[in-house]
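To keep things clear, I will list the structure first and then write my remarks on it.
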Amino acid sequence: MKSWIIIKREYREIVKKRSFLISTILTPALMIGLMYLPVFLSKVARQEKIIEIMDFSNSIQKHFMTKCNSDKELNKQLRLTFRPTEQYKIKQQKLLNNFDTPTKSGQNFSIEITPELKKKILDKKIHGLLIIPEKIRQNRMVYFFAINVSDFETHKYITSSIQKILCEQILVERSIDPDVVRDATADVSIGTYKVKKEGTASTSSKMEYLISIFMLSILFSVILGYGQLTMRGVMEEKNNRIIEVLISSTDAISLFWGKVIGIGLAGLTQVGLWIILGGLFASQSSLGIDASILSFLNLELALYFCIFFIIGYFMYAVIFSVVGASVNTDQEAQQFSAPIIYLLLIPFFFGMMITQSPDSPVFILASLFPFFTPMLMFMRITISMPPFYQVATSIAISIITTVFMAWVGAKIFRVGILMYGKKPSLKEMIHWSRYK
């Protein structure tokens, strides 16, 4: 009964705040924006790039220019110009030798371009310099110089185009009909379909990856946010001596459970509102929502999101509340909470890598580790549903771990909440847990 009074108090204090309402509305709005913003920016914010090409093989540039000009959409984003190479054959003989002599690791020797070309790139008169060596057929390597080398779409287009040109040339030289060559080297597109028990659904691998990462980010931020909110609430009441008034009318264990459960219910309320808003948004077909998003976001996924939020919140809220009860200043709180945040960051970064091999033994074991389970098992579910026994095992292990941590944490909480002035050591906190 005493715990229930504290639960209601904590729940009302959070839910009645304007910040709760604002974050509840802004988070799904941000979610929608982040789904559409990358697509929008890729269309309107892409800069036209001028790539200068030096073709020392004298066999690529004509075909490359024809191919680029025939692609109207690409031609708006990529402008190719060709620089005569004769004047550089003597001036950059060392450069040419390096291009034609790759190392064992597949990379070129240290290569310098002439000061004139380097200045042109640094002054941003051109966005990049592509050099095609004389022995392109033997070594199958081209070399790209630029300030920004992170535009992988441009790099992919350049390499695939040159590969296709070389393939066409070799086939034509062997007296194969050009029409046959074009048929043989035609591009192949891939349609991706997610297989589920109820059937298959067309989906975009890129979109599915982005939504999975975004939902992982939401889960991470909610668990961390409400965990830290628990710590801050306990620490503020301790420093303001409010905790002493509360303990005079109840006991420390009831206070501990009241705070953890009350704040957790507020978090669950917010998650529930997000799911409702997401369902309403997805039901509006007039908004032109991508079918892959609709097939990805479903009630089963929402249920697992709630389950792993509850598990993750209680697991980390117990630790955060113990930290809040044990420390006296913000600086001490930051020092003690840093390892907890690292425990959350490790599965977060693992989650971004799990998309390629969700059923790898390494990721299976990692998803069964209690502190990693909430995020890693949820991420595995979003990518490829694991066997039910793995999901059930991970949930069971996490619950047992959380119950044990809560039992130990409550013992530390009841001692630490009334300790003032001295920064506790980890050894002292372990000693507190042994008090009867």
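Coordinate-derived values only; no laboratory data. Bear in mind the structure is a predicted one, so any value in this text is a computation, not a measurement. No Cβ is skipped: glycine too gets one built from the backbone with ideal geometry, and neighbour counts run over all protein chains shown.
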Which order do SER398, SER221, SER19 fall in if you start with the one that has the fewest other Cβ atoms within 10 Å?
SER19, SER221, SER398
HN-Hα J in Hz across region 331-341 - Karplus 6.51, -1.76, 1.60, θ = phi - 60°, x for Gly and Pro
4, 5, 4, 5, 5, 6, 7, 4, x, 5, 5
When VAL15, VAL149, VAL318 are ordered from fewest to most other Cβ atoms inside 10 Å of their Cβ, what list results?
VAL149, VAL15, VAL318
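Given a Förster radius of 60 Å and the C-beta distance between THR66 and MET385 as r, what FRET efficiency does 1/(1 + (r/R0)^6) yield to the nearest 0.05?
On the way: r = 47 Å, r/R0 = 0.79.
Efficiency, rounded to the nearest 0.05: 0.80.
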Taking a crude spin-label model, label points 7 Å out from Cα along the C-beta direction, the ILE430 to VAL172 distance in nm is 7.5 nm
Can you list the residues, at least 5 places off or on another chain, whose amide H is less than 5 Å from the amide H of LYS49, using H built in the peptide plane?
LEU78, ARG79
Pairs LYS62/LYS118; LYS16/LYS411; LYS62/LYS120: which exceed 27 Å Cα-Cα?
LYS16/LYS411
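Counting other beta carbons within 10 Å of each Cβ, put ILE341, ILE22 in order, fewest first.
On the way: ILE341 15, ILE22 10.
So the residues, fewest neighbours to most, are ILE22, ILE341.
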By how many nm would the segment from MET352 to VAL15 lengthen if fully extended, with 0.36 nm per residue of separation less the alpha-carbon distance?
118.1 nm
Extension gain, SER221 back to VAL180 (0.36 nm per residue minus Cα-Cα distance, nm)
9.2 nm
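Quick one, can you get me the convex hull of the C-alpha atoms of region 347-436 expressed as volume per residue in Å³?
120 Å³
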Evaluate the distance, in nm, between pseudo-label points positioned 7 Å from the Cα of ASP330 and of LEU368 along their respective Cα→Cβ axes.
4.4 nm
Distance between modelled label sites at LEU26 and LEU280, nm, 7 Å Cα→Cβ extension:
2.0 nm
